[in-house]
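These notes concern the structure reproduced below.
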Amino acid sequence: MGKLKPYNTGPVTARSVPFWTVGNPLGDPFGPGVLGSLTSLQVCELICQAADDGLIERTGFHDDDLVPWDPKRPEDDLVPKSETYETLRQIKCMLEEHGVLVNTATCNLHSDPLFRRGGLANPDKKIRNLANLKVARTIRIGHLLGARYLTYWVARDGFEVAESVPWKRGVYRMIADALNGACEYIRGNKFTNYIGGTIEPKPNEPRGHMFLPTAGHAVGFIQTMLNIPEFWGVNPELRQHEAMTLLDPVTCLAFLVDMGKLFFLHFGNQISGQFDNDFPPLVGPEGLKETAQMFWLLGQLGWKGVVEYDCHMLRCEGEPRDPIGCRKQFIENCSLGLQIALVLASRIDAREFQPNQESRTSLVSIMQMCDLAETGVLAEARKQILTGE
Ligand code: GLO
Ligand code: MG
């Protein structure tokens, strides 16, 4: 095992960059990827290099990011000498050598056309069974690599046409059965690397509506429908998933921390009210203040945990002639964005706020974040009023 590198800055214990963000070829609905695809070993190399450069400490993956999936061979990971088996062991060796821990293992139930009507809540029992087998395989892969969490992102479990959903058969029951099964599988096999499972809510995209759109839905679902609620928590994606529907990240975080359900954070930036932009942290026209407030709040509440960059570089900055260089730059930008947010958050000093002075509090907090001495700015503002300059 390589040297484990501590991060521990403010509320953030470690930074994670997942395979899917580094490997992203930057396609969108209007055009294909601008970067060539990398193999999982190439992506792994980039992640290890980033760890060596002190930019991240952890990673995360979908099963499909590491090895291809063949529904006819649901247990290929257990077959010694199979390509899957070999690739996974190479990845394990590389991560260990560079001291990169795995934050989360997540099953891709969104890419394969088989899952176009959903994964865990697919109306077709045969496809649901396939999804469950795929989740079990992902759990085993995560066990091999020492993943701390198993994540379920709602993905294609949702709908466009309400009348076509088999509500009477209980879509939430389907998801609950699958997640209860996943938890039993982990516990039954004594896969103690997992300290918990998470649900990642999202309001829409890729489906018109998703079954677990917000953190509140996820917590209610965990508490009422999952057999071992204490095993499960939430990994919200902020600011993206909340801002898509104009929800506030601070409320989301405060709610989850108070419920004891904030297990880790997906992190990036977003233009409010738009499709899932997945901009890197702080990149783009908005979100500076809210992002700093998020980390300030987590500090106030004493939360500590992992921040995972779930975003990608802008498609316009993907450089086909330098697919490795621009990906390195992407990881560095994510860690730079986080660092800026943490510095800004650490400057917010509530002792200088006056009670019942919300506007003044807001402005003082900006002056603190920007390191502007209050008296100087205020004098300047007064002078301009007096002289009319
Ligand atoms: C998409 C989600 C997605 C998940 C990932 C892990 O909007 O953020 O990237 O985080 O599949 O489950
Ligand atoms: Mg995410």
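Is it the case, given these coordinates, that Thr198 is within 12 Å of ligand 1 (Cβ to nearest atom) and either closer than 29 Å to Leu288 by Cβ or within 22 Å of the chain's Cα centre (by Cα) (or both)?
yes
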* **Filtered residue count, the stretch 32-51, keeping only those that are outside any helix (DSSP H, G or I), in contact (Cβ under 8 Å) with a residue 40 or more places away in the chain and closer than 22 Å to Ala105 by Cα** => 1
* Asked: Tell me, which residue of the stretch 254-277 that is away from ligand 2 (no atom under 12 Å from the Cβ) and under 23 Å from Arg315 (Cβ atoms) is nearest to the chain's Cα centre (by Cα)?
  -> Asn269
* **Odd one out for Asp157 among (1) away from ligand 1 (no atom under 16 Å from the Cβ); (2) among the charged types (D, E, K, R); (3) in contact with a Leu (Cβ under 7 Å, 6 or more places away or on another chain)** => (1)
* Could we say that Thr251 is assigned to a helix (DSSP H, G or I), among the β-branched types (Val, Ile, Thr), under 16 Å from Ser272 (Cα atoms) and under 18 Å from the mean Cα position of the chain (by Cα) here? -> yes
* What's the number of the condition Ile199 fails, among (1) within 16 Å of ligand 2 (Cβ to nearest atom); (2) not small (Gly, Ala, Ser); (3) not in a strand (DSSP E or B)? -> (3)
* Structure fact -> The residue from Gln354, Gln339 that alone is without any contact (Cβ under 8 Å) to a residue 24 or more places away in the chain and of a type outside the set (Gly, Ala, Ser) is Gln354
* **Which listed residue is of a type outside the set (Ser, Thr, Tyr), within 13 Å of ligand 1 (Cβ to nearest atom) and surrounded by fewer than 16 Cβ atoms within 10 Å (Cβ to Cβ), from Phe263, Phe267, Phe279, Phe275** => Phe275
* Structure fact -> By residue number, the members of the stretch 77-111 that are more than 16 Å from ligand 1 (Cβ to nearest atom) and either over 30 Å from Glu57 (Cβ atoms) or assigned to a loop (DSSP other than H, G, I, E, B) (or both) are Val79, Pro80, Lys81, Ser82, His98, Gly99, Val100
* Asked: What residue, of Ala350, Ala341, Ala292, is small (Gly, Ala, Ser), surrounded by fewer than 16 Cβ atoms within 10 Å (Cβ to Cβ) and touching a Ser or Thr at 6+ places or on another chain (Cβ under 9 Å)?
  -> Ala350
* Structure fact -> Scanning the stretch 212-245 residue by residue, the ones that are buried (at least 24 other Cβ atoms within 10 Å of the Cβ) and assigned to a loop (DSSP other than H, G, I, E, B) total 4
* Of the residues that make up the stretch 8-31, is at least one farther than 25 Å from Tyr152 by Cα, at pLDDT 95 or above, touching a Phe, Trp or Tyr at 6+ places or on another chain (Cβ under 9 Å) and in a loop (DSSP other than H, G, I, E, B)? -> yes
* Criterion (surrounded by fewer than 18 Cβ atoms within 10 Å (Cβ to Cβ) and not in a loop (DSSP other than H, G, I, E, B)) met by exactly one of Leu114, Leu150 -> Leu114
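The values are calculated or read from the model by the stated rules, or taken from the named source; none is laboratory data. Everything quoted here is computed from the prediction, not taken from an experiment. Every residue, glycine as well, gets a Cβ built from its backbone with ideal geometry; the counts of neighbours run over all protein chains shown.
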